[in-house]
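Report on the structure given below.
Quick note: the coordinates plus some simple rules give every number you see, no bench work behind them. Source: prediction; values computed, not measured. Because the Cβ atoms are built from the backbone with ideal geometry, glycine has one as well, and the counts that use them run over all protein chains shown.
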Amino acid sequence: YHGGTNFGRVAGGPYITTTYDYDAPLNEYGQLNQPKYGHLKELHEILKSVEKLLTYGNATQKSYGDDDWQYTTTVYEYQGSRVCFLANANDKNDRIFNFEGKNYTVPAWSVSILPDCVNVKYNTAKVNAPKKVMLRKPNNADNPNGLDWSWRAERPSHLKPSFINIKKKGVLYANQLLDQKIVANDTSDYLWYITSVDIKESDPLYGGEAVLEIHTNAHVLYAFFNGKHIGTKWAKDGNVTVGFPNYGAYFDKVKNGILGPVVLKSPSGVVKDLTNNQWEYKIGLEGLERKLWEDEDYMHRNWKPAQTLQTNRMFVWFKTTFKTPSGDDPVVLDMMGLGKGTAWVNGNNIGRYWLTSYDFEKENGCSSSCDYRGNYHPEKCATNCGQPTQRWYHVPRSFLRKSDNNLVIFEEFGGHPAKVNVQTVSQE
């Protein structure tokens, strides 16, 4: 009934988006979703008015014509009073009911309610509530030319190889691949799996190309070899999760992370199995450990101007400041231009974001008309086809200050913050 926002790393279930309302009567910000709210309110009011008849009365249901149960009448009677329902389950054609000497036209796939069994007071297909449109407007308190950004690279210091017999603080060691959720213990989305392999001149893999093959149950995996990024898989290795299953039979026994095997393969078919190597496990990222999002002195920690940023650079921190929008309308961040990561406002984690790429073939694939008649299917009355499901992120006004607000973003995929901006949400 009411949309909402999942802040931080909390979600209502696996793969539940940060911002959601599912077209509920009240949207994410608590605003009325018209005309749905008004139409549902009218239904509740009329059902409330005949409450005793529905709860204490005797119900009689009949098919209307030739035993066709597509068209039915239902009458509730109690202590001399009656309420009648005329139902048309045909998903294409309207139907005229001749009921107790009067004709009633019932639109396809709808129900008419007659509280006195004479006058139609409500029909599910006829909407009288006003329609309102949600508008997002730029922050009138900020520079119209955009936000002033700075950046710094995430330095994965734990990618440096360990020396023999030297153990690093905060690193777990095992001669096997471990379940990510057990190692990280839900303290971070990120877990590094690090190992080393000695390839001698006599080894068939020496001096040639090789393929690193990793079997994983992670949502995203980043692979680094000798400190260089060699590939990213969606769905040394940085293993990322965006939430675990939290219901269903034996959900706690579902393993996550790199499950193995992990092998190096040469073009000639030589295979070197790394699955049972000694693996180092390092939780999190340097910027997360330093809590860059809440440190008031972070402005002095080697941040560089946005003009020097290389496009599509992975593992980058961005920061800026913005002024609190005037008025009382809800505040949102438009994250367009970014890829995947997390954002903080004044130290408050507003959630993970993941703006999947546009599908240009489907961008204009939504039907221009909407017909709700008939059984539900996901494509029915779809809107914003091909658009990201996550773009605008709610920032409660309780998170904001009277003075400048700090916005810090960690970006994984290599997006650019030039299009990121602060907006307000209103209805007209």
Legend entry - Long-range amide H partners of residue 216 with built H, under 5 Å: 259
Legend entry - Electrostatic dipole magnitude of the chain [Cβ: Lys, Arg +1; Asp, Glu -1; Cα centre; debye, to 20]: 800
Legend entry - Where labels lie 7 Å past Cα in the beta-carbon direction, separation of residue 128 and residue 321 in nm: 5.4
Legend entry - FRET efficiency for residue 346 and residue 304, using Cβ-Cβ distance with R0 set to 22 Å, rounded to 0.05: 0.45
Inset, instruction - Let me know the Kirkwood hydrodynamic radius for the chain, please, with Cα pairs as the basis and the value in Å to one decimal. - result: 26.4
Legend entry - Ranked list, fewest to most other Cβ atoms within 10 Å of each Cβ, for 78, 64, 372: 372, 78, 64
Legend entry - Packing-based exposure ordering (other Cβ within 10 Å, fewest first) of 84, 381: 381, 84
Legend entry - Inter-site label distance for residue 135 and residue 397 at 7 Å from Cα along Cβ, in nm: 1.8
Inset, instruction - Check cross-link reach from residue 304 to the aspartates and glutamates: straight Cα distance under 14 Å, and skip same-chain residues fewer than eight apart. - result: 148, 154
Legend entry - Partners for residue 265 among lysines (Cα-Cα distance below 20 Å; same-chain residues under 8 apart left out): 200, 228, 233, 236
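What FRET efficiency comes out for the pair residue 314/residue 171, r = Cβ-Cβ distance, R0 = 22 Å, nearest 0.05?
Once rounded, the FRET efficiency stands at 0.45.
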Inset, instruction - Work out from phi, with θ = phi - 60° and the Karplus expression 6.51 cos²θ - 1.76 cosθ + 1.60, the ³J(HN,Hα) of each residue of region 305-321, listed in order in whole Hz, and give x for Gly and Pro. - result: x, 5, 4, 8, 6, 7, 5, 6, 7, 7, 6, 10, 9, 10, 9, 7, 10
Inset, instruction - Quickly estimate the mean residue ellipticity at 222 nm for the chain, helices only: each DSSP H run with n ≥ 4 gives -39500 (n - 2.57), and the total goes over all residues, rounded to 500. - result: -2000 deg cm²/dmol
Inset, instruction - Would you mind checking which residues have amide H under 5 Å from residue 34's amide H? H placed 1.01 Å from N; only 5 or more apart, or other chain. - result: 132
Legend entry - FRET efficiency, residue 212 to residue 419 (Cβ-Cβ, R0 41 Å, nearest 0.05): 0.75
Legend entry - Percentage of interatomic Cα-Cα distances in region 1-123 larger than 22 Å: 52
